[in-house]
Ligand SMILES: Cc1cc2nc3c(=O)[nH]c(=O)nc-3n(C[C@H](O)[C@H](O)[C@H](O)COP(=O)(O)OP(=O)(O)OC[C@H]3O[C@@H](n4cnc5c(N)ncnc54)[C@H](O)[C@@H]3O)c2cc1C
């Protein structure tokens with residue numbers, strides 16, 4: 001989707017959203033048509049056919065997609081319904097979970113690149129203006145308004161263009177980089193150095209398994225699921241300072257290590273011609289009190305507000321849910337309600353508290369490796385603060 005440099009003057013925006021990932025796009029769509037919304041993002045360098053990790057969407061997201069008015073087009077995108085999940089977490093006997101028992105209904109294994117692109121297209125279709133060629137931006141507050149200075153990629157080798165936009169509302173939806181919040185002096189709390197090593201394995205025609213597979217290992221945990229393209233995601237999550245991190249970037253070593261577990265032993269890619277990528281995956285979030293101290297009109301949503309550890313498999317749901325909550329808060333703020341952001345942040349505190357409790361319980365459930373460093377680190381969450389007691 002090409003950038004449409006908006007011809008509006010700086011005074012014409014009600015909300016500027018930095019980041020057109022799932023959270024930013026959902027919010028932009030949600031605020032239209034009532035508000036004039038500017039959505040900013042960087043050029044997407046993804047090659048054709050490229051894949052993105054983060055494909056598991058729970059059935060609870062259905063109602064949020066319906067509220068956005070995009071459920072039917074979502075169903076038409078060819079995402080795969082999620083089958084059962086099977087895990088070897090604290091014991092060698094596999095534990096099966098049948099999604100039919102999920103009161104929210106079946107979830108999906110997404111074509112993640114298509115999902116993100118379609119949400120962005122849905123925001124534009126609703127009338128949000130998109131500038132997706134941002135190279136640098138700088139945010140600042142001035143006289144009760146938010147200002148964003150942009151340097152955008154120029155056309156065909158031309159010099160970058162410089163633009164300035166202003167609005168009463170500025171939203172950080174830049175994901176884990178939380179670019180806008182950082183520029184305003186905020187930092188991420190509770191983040192550990194979890195790294196996800198992952199590969200999209202070339203399709204094995206005999207592989208018809210729809211189950212999500214999860215397994216604890218001595219120094220981390222495994223995840224595998226098939227995505228709609230037929231490829232299989234194989235992911236191992238371990239600490240950033242683990243001595244094995246470098247060697248596991250080798251496809252054969254990663255696969256061989258996974259094969260030690262019966263749940264993964266049957267995974268046979270058609271070829272060994274695939275890269276192993278590394279991505280920071282540790283959870284963590286903004287301190288709501290620090291955000292509350294910023295001038296009014298600033299909000300953070302999705303991973304920029306609270307990034308979930310992938311074991312929770314809730315990041316996308318949270319992106320859509322925080323977009324919905326922030327839309328209510330922004331409407332109230334623009335209507336002159338004083339405590340609009342305070343209420344939003346109270347909700348975010350409650351979400352963070354629930355998340356940290358579940359996360360602590362999930363990691364503590366692995367008692368068989370409780371003496372191993374990876375698991376020891378994750379069972380020493382500071383009560384209430386959700387931070388790792390011995391930062392990695
Ligand atoms: C290894 C791993 C596995 C995961 N698996 C799952 C899963 O199975 N299920 C699930 O629900 N979640 C999963 N997640 C989490 C999920 O991917 C995120 O929660 C989700 O992408 C958050 O959406 P977002 O819009 O907040 O951020 P993002 O998707 O990160 O989008 C941020 C956007 O901001 C843009 N941006 C960043 N910086 C700038 C800047 N300076 N200027 C302009 N634009 C900028 C980016 O280009 C991007 O478009 C996983 C995460 C990881 C790391």
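The values are calculated or read from the model by the stated rules, or taken from the named source; none is laboratory data. Since the structure is predicted, the reported quantities are computational estimates derived from the model, not experimental observations. Cβ sites come from the backbone with ideal geometry, for glycine too, and all protein chains shown count toward neighbours.
Structural remarks
- Checklist (1) more than 16 Å from the ligand (Cβ to nearest atom); (2) more than 18 Å from residue 26 (Cα to Cα); (3) not in a loop (DSSP other than H, G, I, E, B) applied to residue 331, failing item: (2)
Yes/no matrix, rows are residues, columns are (1) crowded, with 20+ Cβ neighbours inside 10 Å; (2) over 30 Å from residue 234 (Cα atoms):
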residue	(1), (2)
59	no, no
71	no, no
77	no, no
83	no, no
96	no, no
117	no, no
121	no, no
127	no, yes
137	yes, yes
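- Within the stretch 220-244, being within 19 Å of the chain's Cα centre (by Cα) and free of Cβ contacts under 8 Å to residues at least 40 places away in the same chain holds for one residue alone: 234.
- Checking the stretch 166-186 against the condition returns a match, with at least one residue being surrounded by 15 or more Cβ atoms within 10 Å (Cβ to Cβ) and over 22 Å from residue 322 (Cα atoms).
- Conditions (1) surrounded by fewer than 20 Cβ atoms within 10 Å (Cβ to Cβ); (2) touching a helix residue (DSSP H, G or I) at 6+ places or on another chain (Cβ under 9 Å): number failed by residue 141: (2)
- Complete set of residues in the stretch 176-195 that are within 16 Å of the chain's Cα centre (by Cα), at negative phi and either modelled with pLDDT of 95 or more or near the ligand (Cβ under 8 Å from one of its atoms) (or both): 176, 177, 179, 194, 195
- Hey, residue 173 closer than 30 Å to residue 28 by Cα, at pLDDT 95 or above and within 15 Å of the ligand (Cβ to nearest atom) or not: yes
- Tally, over the stretch 268-304, of residues that are near the ligand (Cβ under 10 Å from one of its atoms), buried (at least 21 other Cβ atoms within 10 Å of the Cβ) and either more than 12 Å from the chain's Cα centre (by Cα) or without any contact (Cβ under 8 Å) to a residue 60 or more places away in the chain (or both): 1
- Scanning the stretch 56-76 for residues that are more than 17 Å from residue 25 (Cα to Cα) and in contact (Cβ under 8 Å) with a residue 40 or more places away in the chain returns 56, 58, 59, 60.
- Conditions (1) within 12 Å of the ligand (Cβ to nearest atom); (2) surrounded by fewer than 15 Cβ atoms within 10 Å (Cβ to Cβ): number failed by residue 109: (2)
- All positions within the stretch 66-105 that are in contact with a strand residue (DSSP E or B) (Cβ under 9 Å, 6 or more places away or on another chain), more than 14 Å from residue 211 (Cβ to Cβ) and within 15 Å of the ligand (Cβ to nearest atom): 74, 79
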